[in-house]
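Below are the structure tokens for one structure; questions will follow.
The values are calculated or read from the model by the stated rules, or taken from the named source; none is laboratory data. Quantities reported herein were computed from a predicted structural model and do not represent experimental measurements. Neighbour counts run over all protein chains shown; Cβ positions are idealised from the backbone, glycine included. Side chains included, ligands, DNA and RNA excluded: accessible areas come from the protein's heavy atoms. Shrake-Rupley method; radii C 1.70, N 1.55, O 1.52, S 1.80 Å.
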Amino acid sequence: MKILITGASSGLGATFARLLARDGHELILVARRVKKLEALKKELGDNVKIIDLDISSSYNCMKLYNEVKKEKIDVLINNAGFGIYGEFDNIKIDKELDMIDLNIKTVHMLTKLFLKDFAKRDFGYILNVASLAAFTPGPLMSTYYATKSYVYSLTMGIKKELEEKCSNVYIGCLCPGPVNTEFEHVAKVKFDTKLLDSEYVCSYAIKCMFKEKSLIIPGFGNKVKYYLSKILPLDIKMNSIYKMQKRGD
């Protein structure tokens, strides 16, 4: 299969690339940090194409799509995204808008563009990377949590539309808890919880994707948190999240 991975220079994106390359897939890796992409290509071999591009703008999303649309992509992994920690009124608006562009607009655009192609072929896989943050408001990371709620809601809505059409196109949402990647450093937050191993998360996600499981939550503890998020009162959930993230400050 030919697989396009965004945000592929580090973290989950790079781990997805390593695991999928190991399985013999052709990869197109997209990120803006070209040196890291080049190092990853050197590590993974000739079956990898890299594209140095900041896809947080609509123009560059279209540029990416136009560059690869003739490649007959089989799998799109919308992994690019980042978080910001802090009280809402203290975070610089420009940083928040950049995050909204990447976490929401880019995922929205690439999902739509590739879904149209997949629908014509009646084949393809789209995996959108969200978070456990998708299931509740998140004080001290309010905008980040809201962006991941959008990704989850969009993905599940599209999934239902595809089911009603008896489509063979798959769409799913990966919702891990905190993972041992660069996320904490970039977001400037330290989570007061055990971090999942990125290789475990990606390996589990790949297995579930090809089994066409729509909601993917790695780790027993995270599954428990997900089910608790469905039954606990909102105030209790937000107090817990606030205290967890405040302790990591």
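Against the longest principal axis of the chain, how steep is helix 107-121, in degrees 0 to 90 to the nearest 10, with axes from Cα atoms?
It works out to around 40 degrees.
Turning to a different aspect of this structure: Per the 1.4 Å probe, what fraction of the accessible area of the chain, in percent, lies on carbon and sulfur atoms?
54 percent
Could you state the accessible area per residue of the stretch 43-93 in Å², with a 1.4 Å probe and every protein chain left in place? Each step should come with its number before you reach the end.
Numbers: 2840 Å² over 51 residues.
Per-residue value: 56 Å².
Just subtract the alpha-carbon distance of residue 242 and residue 93 from 0.36 nm times their residue separation and send over the number in nm, one decimal. Present the calculation step by step, with values, prior to reporting the outcome.
Numbers: separation 149, 0.36 × 149 = 53.64 nm, distance 2.13 nm.
Here the answer is 51.5 nm.
Separate question: Within the stretch 48-105, report the GluC sites (Glu not before Pro) that DSSP leaves as loop and that have at most 12 other Cβ atoms within 10 Å.
Numbers: sites: 67, 71, 87, 96; in loops: 87.
Hits after loop and neighbour filter: 87.
Does the chain come out rounded, prolate or oblate by the C-alpha gyration tensor, with a ≥ b ≥ c the root eigenvalues, rounded set by a/c under 1.5 and, if not, prolate when a/b is larger than b/c and oblate if not? Mind showing how you got there, number by number?
Working: a/c = 1.59, a/b = 1.37, b/c = 1.16.
Verdict is prolate for the chain.
Could you state how much accessible area residue 246 has, in square angstrom rounded to the nearest 10, with a 1.4 Å probe and all protein chains kept in place?
90 Å²
Still on this structure, please answer the following. Residues of the stretch 123-159 with amide nitrogen under 16 Å from the 7 Å Cα-to-Cβ point of residue 19?
Output list for this probe position: 126-132.
Relative to the longest principal Cα axis of the chain, at what angle does helix 198-210 sit, 0 to 90 degrees, rounded to 10?
Long axis of 198-210 versus the principal axis of the chain: about 60 degrees.
While we're on this one: Please compute the length gained on full extension between residue 35 and residue 122, using 0.36 nm multiplied by the number of residues separating them and subtracting their Cα-Cα distance. Present the calculation step by step, with values, prior to reporting the outcome.
Values: separation 87, 0.36 × 87 = 31.32 nm, distance 3.64 nm.
Going from the current span to full extension adds 27.7 nm.
Let me ask something additional. Taking the 0 to 90 degree range and rounding to the nearest ten, how far is the long axis of helix 58-68 tilted relative to the main principal axis of the chain, both from C-alpha atoms?
On a 0 to 90 degree scale, this one is about 40.
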